[in-house]
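Engineer: After the structure tokens below, expect a handful of questions from me.
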Amino acid sequence: MNGIQPEAKRPLNEERRRAIIELVNQHGRVLVQELGHRFGTSQVTIRKDLEVLHSQGLLHRTHGGALPLTSGALLDPSLREKEKLHRREKLRIGQAAARLVKESQSVVLDSGTTTSMIARELRMLDKLTVITNAVNIAADLAGTSIEVILTGGLLRENSFSLVGPLAEDSLRRLTADILFLGVDGFDVHFGLTTPNLLEAKVNRVMVEIARRTVVVCDSSKFGRRSLSLIVPPTEVQQTITDSRIPKSDLQFLGEAGVEVTLV
């Protein structure tokens, strides 16, 4: 019996692990609890699966789940690549964020695909000032009644964003009612991160000049860390994300006084 049992289990284990790899590559992140429910097995078994796949170099093991190999701290995908990911979630986040904005306010929009969704929703408003370091967002708002302030700076090809001392200095001369900040990683125990050092510095200035900072990101960004820290979670007043956010992260943010809006 002892000699037969492992052979009987092996195909099932291999099949499940192949499915896990497909899921993590498709969704950008998987959670132990969700995988346990999906495959009808214990979280202990799932953790063992993730450890095996991590040791084989097939995914990155993280606290509470796993990420695909393409989620390294230095990875800096282009805006066009990001646009293909989690489009429905980003659309709903953009709609929820736009509802927070009132006419006659000044709004800072960071560069990114989620903030681009917000910009398109804001086109409906008549009296509004948008401050941005994203060339594509400025172009999207051109021809509307919205007043657009585009920072100067060095153009980053991947993100169409302007960074560097010129961008930082121009932002420091302004104030804003609300900042919508997109991030590449949101580790609730560490903070908001991005893979580019210059982008992180511009983002920090945006937080400084805004009365309220709202992080806008889909749930795949939670549990991730990119190279450069922007600010810790304590600098954030609100987060808008989708309902797949890990429950432990949701609880942590609530206890930290960060308002969370799920879409």
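Engineer: List, please: which pairs have Cβ atoms under 8 Å, are six or more places apart or on different chains, and start with a residue in the range 28-44 that is more than 24 Å from Glu89 (Cα to Cα) and end with one that is basic (Lys, Arg)?
Structural biologist: Listed pairs, sorted by first residue: Phe39/Arg16; Thr41/Arg16.
Engineer: Then there's this: Among the helices (runs of 4 or more DSSP H) lying completely within the range 38-118, list those that include at least 2 residues that are at pLDDT below 95 and more than 23 Å from Asp140 (Cα to Cα).
Structural biologist: The qualifying helices (runs of 4 or more DSSP H) are 43-55.
The values are calculated or read from the model by the stated rules, or taken from the named source; none is laboratory data. In this text, all values refer to a predicted model and were calculated from it rather than measured experimentally. Every residue, glycine as well, gets a Cβ built from its backbone with ideal geometry; the counts of neighbours run over all protein chains shown.
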